[in-house]
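Have a look at the structure below, then the notes.
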Amino acid sequence: MTSPIPAELDPPQRLLLGPGPSMVSPRVLRAMATPLVGHLDPAFLVIMNEVQAMLRQVFQTQNPFTIAISGTGSAGMEASLVNVIEPGDTVIVGVAGVFGARMAEIVGRCGGRLVKLEVPWGQVFPKAAIEEALKKAGKVKAVALVHAETSTGAQQPLEGLGQLCHDHGALLVVDTVTSLGGVPVTVDAWGADVVYSGTQKCLSAPPGLSPLTLSPRALEVIKARQGKCPSWYLDLGMIADYWADGKRAYHHTAPITMVYALREALRIVLEEGLEARFARHRRHSQALMAGLAALGCTPNASEGHRLPSLNCVTAPPGVDEAAVRKALLLDFDIEIGGGLGPLAGKVWRIGLMGESSRQDHVVAVLAALEVLLKRAGRVQRPGAAVAAALEVYAS
Ligand SMILES: *Cc1c(COP(=O)(O)O)cnc(C)c1O
């Protein structure tokens, strides 16, 4: 018995407004369809240099060590922690959602001594709380924080935290997976030492690479390790020899096509300009949130700390949020996210990241939600949500 060969691939065309992946520009898809070269081909080495230079601009850093890890955002997270932490090292992790919890889990697997800071999901850590933890914990190797907590829609302020960590002899590690390219990420101004991101959120490329940058201070700490990095694949010392201009020593085969994709996505980011791009993300988020408020949704993250790239709101009271999301996907081809952990069944997470952050997308998702809530008997006269969004656009 042989099973029949499946038909040629023909996936549905969805509007991706979930927590990632976001919509991908046709320019990026075209770049991915261009011919392969070898990963040590001089032509590819030029492409790598270009990607590194553009990543420095987007991360707003001068760090020479600015590369893309082969793997998704979680690979960047693991690389960041596994290279820095040695058994017994104390690491303070801010846990206010799924991704902070993932960092804490990795610290444990590296044999680190975890000091977990917690606030309710949707809130952020005050600088004073981090300072107090640093004073109490004794010798601390690193403080790890999530800039944009995708599970709650909260944005952690990072101003002054690099200096605070350095005053206590600690490194500052930051997850910018859902902020890079959508919300200001200012690595050098923060004084952050290890910062990683992902390609499929605000950079709007497919998932598969994790941009990562290391300060000279972080590089010294990694060089001074007592033992080898326990991960061979994510050993930044060895990966550095591949990305370093002039060396380019084989470590593993770079995912060429993904590097093409990232290169084109970064060109699009820089053509738009960082400030214009951040303003666009803020504007469409404002319009979306106004429309959602008209439907009876309330923001999950605390006032003044809401992420424009990931809009997390409680579903309207009395609504089966999962049923609405399912109908949104099957009847309207629109993907949005549900809640994770304690927020499961309670919230919607609507991503307006990169290419997804557009007026037509905001209007489409609000109009579709109004149709579905009317169907569920929760909205009498549809139109109020779209009207509220249009009011923001008119102002
Ligand atoms: C998506 C995400 C990750 C993990 O990225 P993957 O690409 O799913 O591995 C890590 N941190 C944050 C904040 C994220 O949003």
Members of region 321-348 found to be touching a Gly at 6+ places or on another chain (Cβ under 9 Å) and farther than 25 Å from HIS281 by Cβ, listed by number: ALA322, GLY341, ALA344, GLY345
Matching residues in region 345-383 - criterion: being open to solvent by less than 50 Å² (accessible area, probe 1.4 Å) and either part of a strand (DSSP E or B) or touching a strand residue (DSSP E or B) at 6+ places or on another chain (Cβ under 8 Å) (or both): VAL347, TRP348, ARG349, ILE350, GLY351, LEU352, MET353, SER356, HIS361, ALA364, VAL365, ALA368
Complete set of residues in region 239-257 that are free of Cβ contacts under 8 Å to residues at least 40 places away in the same chain and either outside the structural domain of VAL177 (by TED's automatic domain parsing) or surrounded by fewer than 16 Cβ atoms within 10 Å (Cβ to Cβ) (or both): ASP241, ALA244, GLY246, LYS247, ALA249
Qualifying position, being touching a helix residue (DSSP H, G or I) at 6+ places or on another chain (Cβ under 6 Å), touching a residue at least 60 places away in the same chain (Cβ under 8 Å) and either part of a strand (DSSP E or B) or within 16 Å of the ligand (Cβ to nearest atom) (or both), among ALA144, ALA192: ALA144
Set VAL183, VAL177: member being part of a loop (DSSP other than H, G, I, E, B), surrounded by fewer than 24 Cβ atoms within 10 Å (Cβ to Cβ) and within 12 Å of the ligand (Cβ to nearest atom): VAL183
Enumeration of residues in region 105-116 that are of a type in the set (A, V, I, L, M, F, W, C) and either in a loop (DSSP other than H, G, I, E, B) or surrounded by fewer than 20 Cβ atoms within 10 Å (Cβ to Cβ) (or both): CYS110, LEU114, VAL115
Some residue of region 201-216 being open to solvent by 10 Å² or more (accessible area, probe 1.4 Å), farther than 30 Å from GLY153 by Cα, away from the ligand (no atom under 13 Å from the Cβ) and not aromatic (Phe, Trp, Tyr): yes
Qualifying residue in region 119-131 (condition: in the same structural domain as SER197 (by TED's automatic domain parsing), farther than 30 Å from LYS346 by Cα and assigned to a strand (DSSP E or B)): no
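The values are calculated or read from the model by the stated rules, or taken from the named source; none is laboratory data. Remember, predicted model here, so these are calculated numbers, not experimental data. As a convention, Cβ positions derive from the backbone with ideal geometry for all residues, glycine included, and neighbour counts pool all protein chains shown. Calculation scope for accessible area: heavy atoms of the full protein, side chains included, ligands and nucleic acids excluded. Shrake-Rupley method; radii C 1.70, N 1.55, O 1.52, S 1.80 Å.
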